[in-house]
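Participant: Take a look at the following structure, please.
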Amino acid sequence: MAKVEINMPRFGAQMKEGKILKWLVAVGDEVSEDDALLEVKAEKMDAEVESLYDGKIVEIIAKEGETYPVGAVLGYMEAEDE
């Protein structure tokens, strides 16, 4: 397994930051690729951040209600090897 970052995505060309509305997973949860991990409020929309991998959530850094720049590390997961 490889430890991978969960990052704040860019939902539009003008997006510079996003606010964490709610984490939908907890440390220790097993997730599959495309599972929703958290809800983010961007400037013009709310969206879900989906997992890019199958694996397990090992650390959540970003706090609900806080705003983070695009690319910021929000947490980590152990991704299953392909």
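Just so it is clear, none of the values below were taken in a lab; they were calculated from the coordinates. Computed from a predicted structure; not experimentally measured. Here Cβ is always computed from backbone atoms with ideal geometry, including for glycine, and neighbour counts include all displayed protein chains.
Participant: What are the pairs, 6+ residues apart or on separate chains, where a residue within the stretch 18-36 that is at positive phi has its Cβ under 7 Å from a residue that is assigned to a loop (DSSP other than H, G, I, E, B)?
Facilitator: What qualifies is 34/51.
Participant: On the basis of being at positive phi and out of contact with any Phe, Trp or Tyr (no Cβ under 8 Å at 6 or more places or on another chain), does residue 12 make the cut?
Facilitator: Considered against the rule, which asks whether it is at positive phi and out of contact with any Phe, Trp or Tyr (no Cβ under 8 Å at 6 or more places or on another chain), residue 12 comes out as no.
Participant: Next question, about the same structure. How many of the residues making up the stretch 1-21 are farther than 12 Å from residue 68 by Cβ, over 13 Å from the mean Cα position of the chain (by Cα) and not charged (D, E, K, R)?
Facilitator: Number of matching residues: 5.
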